[in-house]
Amino acid sequence: MQRKLFLVLITAVGLVIGGCVSSADAPSADDTPNVVGGYSEVAIDDPEVVAAAQFAVSAQQDATGVLIQYQRVIQAEQQVVAGMNYRLMIGFLEGGRSGTADVVVYRDPQGTYSLTSWVWDQNPELDRSRLRP
């Protein structure tokens, strides 16, 4: 009787542990595997994403001295670090012409933003000769 109870207990523990391990490695609802420490998609209308995008445009405008007007977030991903990284494709207007840029914005645990990266996407309509990368 004790042996049977022991086997049942060991089997139950094994099933619980196996379920925890397999659910941690399971793909997300959109079939994209969850990668610990990696980027994951986030809604483009998420308030934190929009705030990060608006900050990026403002910071780039301050750095270049060129009027850049935020339009929208086209694509968004986030990465949990000691704070949060937002990797975004944003749409903007510059000189009446639309453009896009790939940006990375870091938000520290206190909520302060910093622009880590701004890469202009290729757009022959915009004159990039006067802009710093």
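Count of segment 63-91 residues, restricted to those that are under 17 Å from TYR39 (Cβ atoms) and outside any strand (DSSP E or B), is 1.
With the condition kept exactly as written, say whether any residue in segment 50-58 is β-branched (Val, Ile, Thr), at pLDDT 95 or above and assigned to a loop (DSSP other than H, G, I, E, B). For segment 50-58, residues β-branched (Val, Ile, Thr), at pLDDT 95 or above and assigned to a loop (DSSP other than H, G, I, E, B): absent. Once segment 105-133 is narrowed to residues that are surrounded by 14 or more Cβ atoms within 10 Å (Cβ to Cβ) and touching a helix residue (DSSP H, G or I) at 6+ places or on another chain (Cβ under 7 Å), the residue that is modelled with the lowest pLDDT is LEU131.
So that you can scan it fast, the table gives a plain yes or no per residue for (1) among the hydroxyl-bearing types (Ser, Thr, Tyr); (2) surrounded by fewer than 10 Cβ atoms within 10 Å (Cβ to Cβ); (3) at pLDDT 95 or above; (4) part of a helix (DSSP H, G or I):
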position	(1), (2), (3), (4)
LEU5	no, yes, no, yes
GLY14	no, no, no, yes
SER22	yes, yes, no, yes
GLY38	no, no, no, no
ALA43	no, no, yes, no
GLU48	no, no, yes, yes
GLN61	no, no, no, yes
LEU93	no, no, no, no
THR100	yes, no, no, no
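The values are calculated or read from the model by the stated rules, or taken from the named source; none is laboratory data. Keep in mind that this is a model prediction, so the values were computed, not measured. Methodologically, a virtual Cβ is constructed for each residue, glycine included, from the backbone with ideal geometry; neighbour enumeration extends over all protein chains shown.
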